[in-house]
Amino acid sequence: MSPRRPIHSAHWGAYRPRVEAGRLIGAEPFEADPDPSPLLTSIPGVVHATNRVTRPAVRKTWLEGRPGRRGADPFVEIDWDEALDLVADTLRRVYRESGPAAIFGGSYGWSSAGRLHHAKTQLKHFLACTGGYTGQVSNYSYGAADGILPHVLGDARMVEKHASTWTELAEHTDTLLMFGGFPAKNVQLESGGVGAHSARLGLESVLASGTQLINVNPVRSDAPEHSAVSWLPIRPNTDTALILAVIGRLVETIESLVQRISHGRTLITGTWALQRADHGEQPYWAIIALAAALGQIGLPGGGFGFGYGSTGGVGSVARSFGTPAFQARPNPIDSDVPAARLTDMLLHPGEGYEFNGASYTYPKIDLIYWAGGNPFHHHQDLNRLAEAWQRPGTVVVHDSWWTPTARMADIVLPATTTLERDDIAAGSKERFVVAMKRSIDPQGQARNDRVILADLAKRLGVWQEYTDGRDDAEALRWMYDKARSSAAEHGCAMPDFDTFWAAGFFEFPVGESIPPFAEFRHDPVSHPLSTPSGRIEIFSETIASFGYDDCPGHPSWLEPYEWLGSTAPATVLLHLLSPQPATRLHSQLDMGAVSIDSKIAGREPCTMNLRDAEIRGIQDGDLIRVWNERGELYAGARLSADVMPGVALLATGAWYTPADPSVPGSPELHGNPNVLARDVGTSRLAQGATAQSLLVRIEKAGPDVPWVDPHGVPAGVTAGVGE
Ligand SMILES: Nc1nc2c(c(=O)[nH]1)N[C@H]1C(S)=C(S)[C@@H](COP(=O)(O)OP(=O)(O)OC[C@H]3O[C@@H](n4cnc5c(=O)[nH]c(N)nc54)[C@H](O)[C@@H]3O)O[C@H]1N2
Ligand SMILES: Nc1nc2c(c(=O)[nH]1)N[C@H]1C(S)=C(S)[C@@H](COP(=O)(O)OP(=O)(O)OC[C@H]3O[C@@H](n4cnc5c(=O)[nH]c(N)nc54)[C@H](O)[C@@H]3O)O[C@H]1N2
Ligand SMILES: [Mo]
């Protein structure tokens, strides 16, 4: 038998890299993966892309001490020592002059699957050692759920860490009522990597067992094609109204949906997208209330669950002990802001805001430090962010590519990709722990984030605190050994590091599953929830006591600020949903083969109903202009009967490319929906992102739409060598 090639992993799956003459030429799926992701084919082109950051670069005007404009000015390349001195001097100055709260190190973003070199975590660890920073609490994924679930259920585990398994569903569930359906495209992904993709096949087995699935969704195609699947189209952001009506009808007249779900075992699910909307707390609270009214919470295959179809691991058996992961030391200061309130923080230093029943004040930020995230992909109302982003004195970014955020920085440091270093992938809901072996040399002058930060720590006198005296190889072994001890305490024997590294992966045995709330149902007195009453709170005295009209004390239908029922008819305004992209992970892999192949004349496809296209004289493949009062963009039209009339879909992640970055609000040429999304919180309770509540106008574009390569490099820098 020929020896196996080394193994590697990514958020979209484990694979075996094929390397020739020092270059990655292919990524073959891990042999134990029954349902590998097509995204693997994007990796070689991305790793050797011409828009890799090859050397440290500094914005010219910043270096010269002139104001200039971030995103518009050219860069100059400098050597590593100079760059590290500049960053260290700036950190020292800001700590001295403005204090730790003036350093924004939230650095939200998925970074890499590798758990040691997870850039965001390493940055937070570093800034905790240098004196502290302003961080972020909660996330863009399920901010509203994070706010509401602890009040209703005692904690937020149900949002992803606790769900009935596919096996339980196949055995017990008669009806699966899915708000947001089950978009198979999303379950390619799991933070920390996937060894064996199981969710799509899991749902297939549930359908094969005879379960009926109702896809409540503006989009038909986000559920399997199967005779047991029915589509209930719904206007975006109106689920709460439907759910509350169903609860009412349960005790009144009987209609077909009520009929269906009140017979046999019913599981009600909600995708995370549902709560990423104005008043996003409400649909989740309403789903819990409906499940409570049906009386099956705690029974196998009954009750409610979240995140099915949002991420790969939901529906797998959860493990109670840790997988290898690096933990940052605690931040010595406390000035975190809700993740999605980034622009508000930059625009309104010193002003107050409400969050979960308390009042806080936004800090004044002088230095933004970002590694492993892409706010000019992920944040709402990018034109507003682009202005707010000009305010701090300095912006430092580590990335492997010239992303839109790197272009908006003053100092850009080139980071290695995972293929250029050793690491370990381990999703928390995943069976496999995978060795990510270095397969190629660092491209250009790229360095590991941990090495960059260790060199800065040396300059700032905190090398020992930051590294604990361990180099990258020693730290990797230490991280693994910690997980191994934790597993041993739970009776699970992991091999020693050398054996694991030689084998390339370790598979955890699948444990027993207990339906969520089974113990609580059986004996609520001995197993109370951590809510004030010990029960599921359909009415919350705590929330009512906050006095928030945007989140009252019980689930309520509250009109979103923009929705199809609000203003002009759908012949004029369309509800734009920005789902997760099938062709990449957020903005990652946008210049890879799969994403590039999906574009229309280089722009992101925007899917709309045939009727809406016809009214506007738009044909499949046309360039379209999409706009509202916050911004305008160009995209390519895709027509489909799978999207209900009045709704258009533009996936997230096309790299933000303003026609002229020196002009505020300049048209975006590549199709990033966040130039159109509104940037206000779900409510004062959770302050989550509301990216799914927006109306737009769409027209066929004129003949002379400008074009700028979204994946180029800024003036003054050396491009990578390319494929
Ligand atoms: N309109 C709209 N907006 C949304 C959403 C939506 O539904 N609609 N969804 C939101 C959600 S749920 C999320 S999670 C966010 C995602 O937002 P992000 O997590 O910020 O998006 P990514 O594209 O994954 O950004 C990761 C960045 O890290 C870089 N990176 C990867 N590996 C490394 C590394 O080893 N070192 C360094 N230094 N950098 C690295 C990548 O190149 C990339 O630039 O977007 C949010 N934005
Ligand atoms: N391929 C791929 N997969 C991913 C990601 C990626 O970037 N690429 N990102 C990952 C991340 S970070 C996250 S947080 C998850 C996010 O997962 P989600 O946020 O759940 O994903 P979406 O695709 O935005 O939406 C899921 C479904 O909800 C439906 N929906 C949207 N609004 C409404 C509504 O108001 N009512 C109803 N009934 N349905 C609605 C959409 O039509 C879609 O079918 O995805 C993860 N998976
Ligand atoms: Mo997310």
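Structure summary
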| quantity | calculated |
| --- | --- |
| Inter-residue pairs, beta-carbon under 6 Å, first in contact (Cβ under 8 Å) with a residue 24 or more places away in the chain and among the β-branched types (V, I, T) and in segment 129-144, second open to solvent by less than 20 Å² (accessible area, probe 1.4 Å) and within 16 Å of ligand 3 (Cβ to nearest atom), 6+ apart | V137/P338 |
| Subset of segment 576-598 (residues that are closer than 19 Å to A691 by Cα and touching a Ser or Thr at 6+ places or on another chain (Cβ under 7 Å)) | S578, Q580, P581, R584, H586, S587 |
| Yes/no for P532 being part of a loop (DSSP other than H, G, I, E, B), of a type outside the set (F, W, Y) and closer than 23 Å to S359 by Cα | yes |
| Condition check for L669: open to solvent by less than 20 Å² (accessible area, probe 1.4 Å), away from ligand 1 (no atom under 12 Å from the Cβ) and under 22 Å from R584 (Cβ atoms) | yes |
| Flag for R438 being open to solvent by 20 Å² or more (accessible area, probe 1.4 Å) and not assigned by TED's automatic domain parsing to the domain that holds D344 | yes |
| Residue ID - least open to solvent (accessible area, probe 1.4 Å), chosen from residues in segment 507-529 that are closer than 30 Å to R16 by Cβ and assigned to a loop (DSSP other than H, G, I, E, B) | F508 |
| Options A318, A273; residue that is aliphatic (A, V, I, L, M) and in contact with a Pro (Cβ under 8 Å, 6 or more places away or on another chain) | A273 |
| Some residue of segment 701-714 being assigned to a helix (DSSP H, G or I), open to solvent by less than 20 Å² (accessible area, probe 1.4 Å) and either touching a strand residue (DSSP E or B) at 6+ places or on another chain (Cβ under 7 Å) or at pLDDT below 95 (or both) | no |
| Elements of type strands (runs of 3 or more DSSP E) in segment 1-94, at least 3 residues being closer than 30 Å to G461 by Cβ | 57-59, 75-77 |
| Matching residues in segment 354-375 - criterion: being aromatic (F, W, Y) and buried (at least 22 other Cβ atoms within 10 Å of the Cβ) | Y369, W370 |
| Boolean, A286 is under 32 Å from the mean Cα position of the chain (by Cα), under 23 Å from Y142 (Cβ atoms), open to solvent by 40 Å² or more (accessible area, probe 1.4 Å) and touching a residue at least 24 places away in the same chain (Cβ under 8 Å) | no |
| Search result, residues across segment 159-184 that are within 15 Å of ligand 1 (Cβ to nearest atom) and within 18 Å of G427 (Cα to Cα) | V159, E160 |
| Enumeration of residues in segment 449-480 that are in a helix (DSSP H, G or I) and without any contact (Cβ under 8 Å) to a residue 12 or more places away in the chain | K458, W463, Q464, E474, W478 |
| Out of L574, L564, sole residue that is away from ligand 2 (no atom under 12 Å from the Cβ) and closer than 24 Å to F182 by Cα | L574 |
| Yes/no for K124 being farther than 30 Å from Q296 by Cβ, within 16 Å of ligand 3 (Cβ to nearest atom) and in a helix (DSSP H, G or I) | no |
| Among the residues listed as G547, G592, G504, the single one being modelled with pLDDT of 95 or more, of a type outside the set (D, E) and open to solvent by 30 Å² or more (accessible area, probe 1.4 Å) | G547 |
| Filter result for S566 (surrounded by fewer than 18 Cβ atoms within 10 Å (Cβ to Cβ) and over 28 Å from the mean Cα position of the chain (by Cα)) | yes |
| Selection count where residues are surrounded by fewer than 24 Cβ atoms within 10 Å (Cβ to Cβ), touching a helix residue (DSSP H, G or I) at 6+ places or on another chain (Cβ under 8 Å) and closer than 14 Å to N628 by Cβ, scope segment 675-691 | 1 |
| Residue check, S262 within 16 Å of ligand 1 (Cβ to nearest atom) and open to solvent by 30 Å² or more (accessible area, probe 1.4 Å) | no |
| Residue satisfying condition, being farther than 21 Å from L127 by Cβ and small (G, A, S), within set G393, G372, G350 | G350 |
| Those residues of segment 490-501 which are crowded, with 18+ Cβ neighbours inside 10 Å and assigned to a loop (DSSP other than H, G, I, E, B), in sequence order | M494 |
| Matching entry among A156, A145 (being modelled with pLDDT of 95 or more, within 30 Å of G301 (Cα to Cα), within 16 Å of ligand 1 (Cβ to nearest atom) and buried (at least 24 other Cβ atoms within 10 Å of the Cβ)) | A145 |
| Among residues of segment 95-121, those that are in a helix (DSSP H, G or I) and of a type in the set (A, V, I, L, M, F, W, C), counted | 3 |
| Filter result for the condition that a residue is touching a residue at least 60 places away in the same chain (Cβ under 8 Å), among the hydrophobic types (A, V, I, L, M, F, W, C), more than 10 Å from ligand 2 (Cβ to nearest atom) and open to solvent by 30 Å² or more (accessible area, probe 1.4 Å), over L299, L294 | L299 |
| Some residue of segment 360-375 being over 23 Å from D89 (Cα atoms), in contact with a Phe, Trp or Tyr (Cβ under 9 Å, 6 or more places away or on another chain) and of a type in the set (A, V, I, L, M, F, W, C) | no |
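To keep it simple, each residue is scored yes or no on (1) more than 30 Å from S191 (Cα to Cα); (2) surrounded by fewer than 21 Cβ atoms within 10 Å (Cβ to Cβ); (3) touching a helix residue (DSSP H, G or I) at 6+ places or on another chain (Cβ under 9 Å).
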residue: L574; (1), (2), (3): yes, no, yes
residue: P581; (1), (2), (3): no, no, yes
residue: I600; (1), (2), (3): no, yes, no
residue: E604; (1), (2), (3): no, no, yes
residue: I615; (1), (2), (3): yes, yes, no
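Residue-by-condition table, conditions (1) open to solvent by 10 Å² or more (accessible area, probe 1.4 Å); (2) within 23 Å of the chain's Cα centre (by Cα); (3) closer than 27 Å to V510 by Cβ:
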position	(1), (2), (3)
Q188	yes, yes, yes
A199	no, yes, yes
S205	yes, no, yes
S209	yes, no, yes
D222	yes, yes, no
E225	yes, no, no
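The values are calculated or read from the model by the stated rules, or taken from the named source; none is laboratory data. Quantities reported herein were computed from a predicted structural model and do not represent experimental measurements. Positions of Cβ are generated from backbone atoms using ideal geometry, with glycine treated the same way; all protein chains shown enter the neighbour counts. The accessibility values were calculated without ligands, DNA or RNA, using every heavy atom of the protein model including side chains. Shrake-Rupley method; radii C 1.70, N 1.55, O 1.52, S 1.80 Å.
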